Structures are given as C-alpha cells and as structure tokens.
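Values quoted throughout were computed directly from the atomic coordinates according to the rules given, and no laboratory measurement underlies them. Please read these numbers as outputs of a predicted model, since none were measured by experiment. No Cβ is skipped: glycine too gets one built from the backbone with ideal geometry, and neighbour counts run over all protein chains shown.
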Amino acid sequence: MFEKISDPTEVRLAQGHIPIRHRYTPGVAGTLFFAGLKRGEFPASRCETCGITYCPNRIFCERCFSALEADTAVGPRGVLESFTIGYLDVEDAPLDEPVTLGLVRLEGADTVLLHRLVDADETLEIGMRVEAVFEAKSRRVGSINDLRGFRPADR
Ligand SMILES: [Zn+2]
C-alpha cells in the first residue's frame, strides 16, 4: 500500500467522484463587513502606523500586523481601477449573459473591492467614477450580494 513510485509511468489512475461539502464562514472581519453592507455601508479599517485604509475591514494590518478594528467607513462612490468581462462560468460553459467585474477603490480606501459592474456598457473606462448599487433594504440578508454592484456615476 505504501509503495514508492520512482518511475512516473507507473502511476496508476483511479477515476471516480468524491462528494465534497463545504460551508463558508466569513470570520470576524467578514461578519462585520457583511453586516455593514446590510446597512448600506462599507466598513473599513485604518492603520495609522502605515497610513492605509482597508476596505473590506481587516482584523490586522497586512503590512505591520497591528490589530485593527472596523473603525471607519468608506464610499459609496469610488474609482474603477480595472475591469474584465467574463463569458464563461467556472466550468468553462458559456454564460447566458456576460458578466462584467470591476476592481473599485472606494472614496477613502487605499485597497480595492472586486464586484459586479451593473448598468455598464461600452463606455467603461479605467479611472472613471462609479457608485454603489445596493439591493432594496427589505431584500438585504447580510451577504456580498446585498451590494448589487457598481455603476458609472455622474450620469
Ligand atoms: Zn500597518
């Protein structure tokens, strides 16, 4: 059973399926962030030592490892730092509709947030101003999908 294989041509293949279940737990910082989205806010953490404001909020600074709190809020407007359009799902199957994703640096933040771009068209440009689009308050459940995405601002 514990044979050592030194010739890669001797590797055997066993095909089959392994059922895997998982549950995503957002952790301390993620729980606070999603609660903020439910309120229509973007919780953030400021590291005074490094002069960096993180959004989503963090429990520690990724540069100096100082403990951080969700002690500020940023947005709801920001700048589109990058974007891409997806035509395939994770299984390489064509999507019914392409999905446009963007990296948005919210006002007051030094980091970016990845989310959908909604009401977006061919006028997307890196550096353009965008604004958050939240679900109706009655439909928010405390998840990343409480934020529908970002749309071009100042239209
Ligand atoms: Zn720091």
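Values computed for the structure shown
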read-out	value
Helix-derived mean residue ellipticity, 222 nm - over the chain, DSSP H n ≥ 4, -39500 (n - 2.57), to 500	-2500 deg cm²/dmol
Gain upon complete extension [ARG139, LEU13; 0.36 nm per residue less C-alpha separation]	40.6 nm
Cleavage-rule hits, GluC sites (Glu not before Pro), segment 63-146, DSSP coil, Cβ neighbours within 10 Å at most 15	GLU69, GLU91, GLU107, GLU122, GLU125
Of HIS115, VAL90, PRO56, farthest towards positive along the dipole that unit charges on Lys, Arg, Asp, Glu beta carbons give the chain	PRO56
Simple Cβ-charge dipole of the chain, Lys/Arg +1 and Asp/Glu -1, about Cα centre, in debye nearest 20	720 debye
Modelled FRET efficiency - R0 35 Å, MET128 with ARG63, Cβ distances, 0.05 increments	0.75
Between helix 27-39 and the chain: long-axis angle, C-alpha atoms, 0 to 90°, nearest 10	40 degrees
Sites excluded, chymotrypsin sites (Phe, Trp or Tyr not before Pro) in DSSP loops with at most 13 other C-beta within 10 Å, longest stretch of the chain	66-155
Gain in span if fully extended, CYS50 to ASP96, counting 0.36 nm per residue against the direct Cα distance	12.2 nm
Relative contact order computed over the chain (Cα-Cα under 8 Å; 6+ residues apart), in percent	20 percent
